[in-house]
Amino acid sequence: MKWPLRIAVWSLGLLLSTGPCFAHGGVHVTDGTGARAGEFENAVNAMADGDLLVVRGDGFFALDGPTIDGRSAFIAVDPTATVDFNVVSLTIQNLGPDQVVALVGLKGTILELELKNNQGTVWIEGVEAQHGVVAENCDNLVLVRTELKPSDPSLGFGQTALILTDTRASLYGCELTGGHGIFVGGDGGHGVDHLRGELFLSDSTVTGGSGTNNHRNGDAVRIAGNGAQLHVLDSALTPGRGGVSGLSINAFANTRVVEFPGQARSISLPGPTAYGQPFTTKFRGQPGDGLLVIRNLDPDGALWKQRRGVLLVDPVAPLLTPLGSTASGELDVTLNAPTLPNLDFFCLFYQTSFNPVGDKPILSAPSVGIFYREP
């Protein structure tokens, strides 16, 4: 069944203006203009459990060391900002099962993220970093449209873009490249080094770093540890070039690799949007796809099947709203952000069920929508 575009726009408006959402904190705004070194760190440290921090400006933050410890937090860069997080180390740790940290739109010359001992979700969307992400003992790590390309010439060897230990991680539309060896004797870094846990890749490009001279290229994905699993959909995995060896998937004993057929789909929202302001939601699929929007108040719900490596939608799914069909495979819908007078901000996690003609529904890459009252 197909729905016309005029019904599609109405349905999305209804979807955004009603229903459950994640919000229980206040809104803070910080401006990077003029390179105020401590402002971002002070703002992060001042956030209470569940607060939203909106980052604006066109300068850079040159600082080191803020930590989010055992509290929900939403940190999002305004879509019009050009802030550069220069030499920033951010640690997220000790999240409880119902706590969430979302980082949206952070871009940095050097941006290092360390994640550890998190039962709740760490959601990283639209982030670009010239450093890696290290995650240990994390139950639900989600990376969406994120670029990790570590580069540190002082080390000689290449750094790994994403290091996962005892972690369940899902990557959608990401680009990861291991660091290249710099000096004589420098091995290339891996794209992903995955030790135990579960890793899902969709519509992602993962490349190992190049080794120098006769030294080893990095693997695209290295998976090791008893019971470790790797699920791959519509992704390009390439080892480094220039040195020797290097594999697309270097799977050690007692691990499992599953490659799914088909093409990935996506939905994307632009970042934090003030109440009443316009924003555009982008849907990317295949020509003729029928669409259903899946809205959830928590990120684990947004990935309620995908996170277990299953790509098909159950026959009965919660909070489905018919959106229409994509004649060209692409659909952009622009609306004004809804206003909820009793909330300083609210947050919804979205996926889309794309229903190909004559095939079973496929879940898209997810995206987070953040809507807030101007403080």
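Each reported figure results from applying straightforward, stated rules to the coordinates on display, with no laboratory input. The structure presented is a predicted model; accordingly, all values stated were derived computationally and were not measured. Here the Cβ is made from the backbone with ideal geometry for all residues, glycine too, and neighbour counts use every protein chain on show.
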- request: Using Cα positions and a limit of under 20 Å, work out the aspartates and glutamates in reach of K107, with same-chain residues fewer than 8 apart set aside.
  value: D31, E39, E41, D58, D64, D78, D84, E125, E128, E147, D152, E175
field: Value of relative contact order over the range 246-294, rounded to a whole percent, pairs C-alpha under 8 Å and six or more apart
entry: 29 percent
- prompt: By per-residue mean of other Cβ atoms within 10 Å, what is the highest-first order of 127-139, 267-279, 202-214, 251-263?
  reply: 202-214, 127-139, 267-279, 251-263
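Please compute the Kirkwood hydrodynamic radius of the range 24-260 from all pairs of different C-alpha atoms, in Å with one decimal.
It works out to 17.9 Å.
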- request: Once you have the Cα-Cα distance between E374 and L335, take 0.36 nm times their residue separation minus that, and quote the gain in nm to one decimal.
  value: 12.3 nm
Nearest-0.05 FRET efficiency for T109 and N213, computed from C-beta distance (R0 25 Å): 0.30
- prompt: Rounded to the nearest 0.05, what FRET efficiency is calculated for N94 and S328 with R0 set to 35 Å and r the Cβ-Cβ distance?
  reply: 0.15
- prompt: So if R0 is 35 Å, what FRET efficiency would I182 and D58 give, r being the distance between their Cβ atoms, rounded to the nearest 0.05?
  reply: 0.65
field: Cα gyration tensor category, rounded, prolate or oblate, for the range 209-266 with a/c compared to 1.5
entry: oblate
Length added when fully stretched, V258-T280, from 0.36 nm per residue minus Cα-Cα: 4.5 nm
